[in-house]
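This report concerns only the one structure given below.
The values are calculated or read from the model by the stated rules, or taken from the named source; none is laboratory data. These numbers come from a predicted model, not from an experiment. Cβ: placed from backbone, ideal geometry, glycine included. Neighbour counts: every protein chain shown. Accessible surface areas use protein heavy atoms only, side chains included; no ligands, DNA or RNA. Shrake-Rupley method; radii C 1.70, N 1.55, O 1.52, S 1.80 Å.
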Amino acid sequence: MSFQSPKGTKDVLPDEQPYWERVETAARRIARLYGYERIDLPVFEDTGLYKRGVGAGTDIVEKEMYTFEDKGGSSITLRPEFTAGVMRAYLENGLASWPKPVKVWSIGPVFRYERPQAGRFRQHTQFNVEAIGESDPALDFEIMSVAFHLYEELGFRNLSFQINSIGCPKCRPAYLEKLSAYYRSREDGLCPDCRQRLVRNPLRLLDCKNPGCQAGIAAAPAISDSLCGECEAHFRALRAYLDDRKRPVTLNHRLVRGLDYYTKTVFEVWAEGIGSQNAVCGGGRYDGLAEAVGGPATPGVGFASGIERIVLTLKQQAAAETAPSRPKPAVYFAHLGADAARQAVTLLAECRAAGIEAVMGFGERSLKAQMREANNRGAARVAVIGESEIAGRVVQLKSMEDGGQSAVPWAELTATLKAKEAGA
RNA sequence: GUGGGUAUAGCUCAGUUGGUUAGAGCGUCAGGUUGUGGCCCUGAAGGUCACGGGUUCGAGUCCCGUUACUCACCCCA
């Protein structure tokens, strides 16, 4: 075959779907529990939204976006993240007139042109949660709690919650100046990447993994010492909520985000055992985003969690005993002969109309072959129809578990199956 | 964008210092006496050995290139 799925994309086959369903069900339930409503957005937007929202100098915008010109000449970009689109929808649809905060969640694919590796794809799926219009640190805590709760619900262990405050437009410039000054004094010892960062995005200097740069990072001024009064108070309040609820978090002064819109609170959740791409969740406050895309000043806070990485973690941590199973039909119709096939189709339709999960064998195959298929599909029972059953207007209903078999009149079949289902 | 690893059946992999029609397990399909699954037995289908060159009497095996996949850097979910 001459085609394969594009680089960095993958098919989620039926045997993996139970994991996805479990995650989606949990996400939906937790979102509702916390008072968040679903919102669905287009998977592509005007390119300018991301350039202005996410930030022109960010890696995402600079080299990872799927951008193209459509037939009308507009520059379109497949969404590389949710938050900018949610803010656009909030502003465009007048959600600012709703009671604040406006709390919404989404689930769907996002696209980034990256080199794929374990846990990293060019198309991946995010569960995205946002709360817009409120700057209370209790809301930061609530957003983080949604993440905590979701992972608890999924039975995750050994997660690491990392938090930091990266300040606001009032205090960050002064800090960046301090940080740059510190690094300029030791520029000779820097790795090439860090020299770039020093000019382009000094905050990133703290994020360097190069061993040679670690000592410099450790000694670098921490932003926590440079926060303005407002940011300091906000961060302190958030930490108090976390303490009160005994939420174990790690203060990580080096935690920096790759998107320009973040202010004050930033956080990530790291999982174990899923490879080097271990961030299963990332988020924070973005009080400057609305203005960046041309709206009135509007605070907001949110997070995104990657379903593929959650599923990896689920498989890795929650292990075999909780592995979800695939659906199994309640009854399989095996038939011999054309008349029996016609009757099987009718009874099959009756079962489905009655809400009984039912399937049939196709083609002219031996009863043995049909039994084998029923067994492979995990059917609970087999209804056999042949000449003698047609004559007696019955089916032979066999339990695949204990092998017991008895004749059941056609008219009583759905009732009998329902009774047996309820009994089992 | 930069490195490392890998490439044989749908899946997981064997394939001996280069030597005839390329193998196994699993899976799929069928058969093992009339119309009954699982276990067992038998059989079948399924492979341009990623692609292109080269060395050689002879290449799945050695060499070079390309592509793909993969892991890591980077960045992030």
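Being within 10 Å of RNA strand B (Cβ to nearest atom), among the small types (Gly, Ala, Ser) and either under 30 Å from A:Gly273 (Cβ atoms) or not assigned by TED's automatic domain parsing to the domain that holds A:Val269 (or both): is that true of A:Ala369 here? Against the criterion (within 10 Å of RNA strand B (Cβ to nearest atom), among the small types (Gly, Ala, Ser) and either under 30 Å from A:Gly273 (Cβ atoms) or not assigned by TED's automatic domain parsing to the domain that holds A:Val269 (or both)), A:Ala369 qualifies. What single numbered condition from (1) out of contact with any Cys (no Cβ under 7 Å at 6 or more places or on another chain); (2) in the same structural domain as A:Gln117 (by TED's automatic domain parsing); (3) within 16 Å of RNA strand B (Cβ to nearest atom) fails to hold for A:Glu268? Every listed condition holds for A:Glu268 apart from (1). Within region A:381-388, is there a residue that is among the aliphatic types (A, V, I, L, M), within 15 Å of RNA strand B (Cβ to nearest atom) and without any contact (Cβ under 8 Å) to a residue 40 or more places away in the chain? No, the conditions are met nowhere in region A:381-388.
With the structure loaded, tell me whether A:Ser224 is polar (S, T, N, Q) and over 24 Å from A:Ala304 (Cβ atoms) or whether it fails that test. Before you say what the answer is, go through the steps one by one.
Details: polar (S, T, N, Q): yes; over 24 Å from A:Ala304 (Cβ atoms): yes.
So A:Ser224 fits the description; yes.
Candidates are the residues of region A:2-14 that are in a loop (DSSP other than H, G, I, E, B) and in contact (Cβ under 8 Å) with a residue 12 or more places away in the chain; the one that is farthest from A:Val256 (Cα to Cα) is A:Pro6.
Report yes if A:Ala292 is open to solvent by less than 60 Å² (accessible area, probe 1.4 Å) and out of contact with any strand residue (DSSP E or B) (no Cβ under 6 Å at 6 or more places or on another chain), otherwise no.
Details: open to solvent by less than 60 Å² (accessible area, probe 1.4 Å): yes; out of contact with any strand residue (DSSP E or B) (no Cβ under 6 Å at 6 or more places or on another chain): yes.
Yes: the conditions hold for A:Ala292.
Could we say that A:Phe148 is outside any helix (DSSP H, G or I), within 16 Å of RNA strand B (Cβ to nearest atom) and not polar (S, T, N, Q) here? It is false that A:Phe148 is outside any helix (DSSP H, G or I), within 16 Å of RNA strand B (Cβ to nearest atom) and not polar (S, T, N, Q).
Within region A:233-265, being away from RNA strand B (no atom under 12 Å from the Cβ) and either outside the structural domain of A:Thr58 (by TED's automatic domain parsing) or closer than 17 Å to A:Thr83 by Cβ (or both) holds for A:Thr263, A:Lys264, A:Thr265.
Out of all the residues in region A:303-314, is one or more open to solvent by 40 Å² or more (accessible area, probe 1.4 Å), more than 30 Å from A:Ser224 (Cβ to Cβ) and within 15 Å of RNA strand B (Cβ to nearest atom)? Looking for residues that are open to solvent by 40 Å² or more (accessible area, probe 1.4 Å), more than 30 Å from A:Ser224 (Cβ to Cβ) and within 15 Å of RNA strand B (Cβ to nearest atom), one finds at least one in region A:303-314, hence yes. Each residue in region A:254-270 was checked for being open to solvent by 70 Å² or more (accessible area, probe 1.4 Å) and either in contact with a strand residue (DSSP E or B) (Cβ under 6 Å, 6 or more places away or on another chain) or of a type in the set (A, V, I, L, M, F, W, C) (or both), and 1 of them qualify.
So which strands (runs of 3 or more DSSP E) stay within region A:15-128 end to end and still have 3 or more residues that are in contact with a helix residue (DSSP H, G or I) (Cβ under 7 Å, 6 or more places away or on another chain) and touching a residue at least 24 places away in the same chain (Cβ under 8 Å)? Give the derivation first.
Numbers: elements: A:44-46, A:67-69, A:75-78, A:102-111.
It comes to A:75-78, A:102-111.
Within region A:344-368, the set of residues being assigned to a helix (DSSP H, G or I) and open to solvent by 40 Å² or more (accessible area, probe 1.4 Å) comprises A:Val345, A:Thr346, A:Ala349, A:Glu350, A:Arg352, A:Ala353, A:Leu367, A:Lys368.
Can you name the residue in region A:137-153 that is open to solvent by 30 Å² or more (accessible area, probe 1.4 Å) and touching a residue at least 24 places away in the same chain (Cβ under 8 Å) and, of all such residues, is farthest from A:Lys246 (Cα to Cα)?
So the first thing to find is which residues in region A:137-153 are open to solvent by 30 Å² or more (accessible area, probe 1.4 Å), and the list is A:138, A:141-142, A:149, A:152-153.
Okay, now just the ones that are also touching a residue at least 24 places away in the same chain (Cβ under 8 Å), so A:138, A:141-142, A:149, A:153.
Working: A:Ala138: 15, A:Phe141: 12, A:Glu142: 14, A:His149: 13, A:Glu153: 17 Å.
Going through the qualifying residues, I end up with A:Glu153.
Filtering region A:223-243 to residues that are out of contact with any Phe, Trp or Tyr (no Cβ under 7 Å at 6 or more places or on another chain) and open to solvent by 20 Å² or more (accessible area, probe 1.4 Å) leaves A:Ser224, A:Asp225, A:Cys228, A:Gly229, A:Glu230, A:Glu232, A:Ala233, A:Arg236, A:Ala237, A:Arg239, A:Ala240, A:Asp243.
Please find, among A:Asp11, A:Asp15, the residue that is within 17 Å of the chain's Cα centre (by Cα) and within 13 Å of RNA strand B (Cβ to nearest atom). Residue meeting the stated conditions: A:Asp11. The residue list A:Val408, A:Val382, A:Val395 contains one member that is touching a Ser or Thr at 6+ places or on another chain (Cβ under 8 Å) and either among the charged types (D, E, K, R) or open to solvent by less than 50 Å² (accessible area, probe 1.4 Å) (or both), which is A:Val408.
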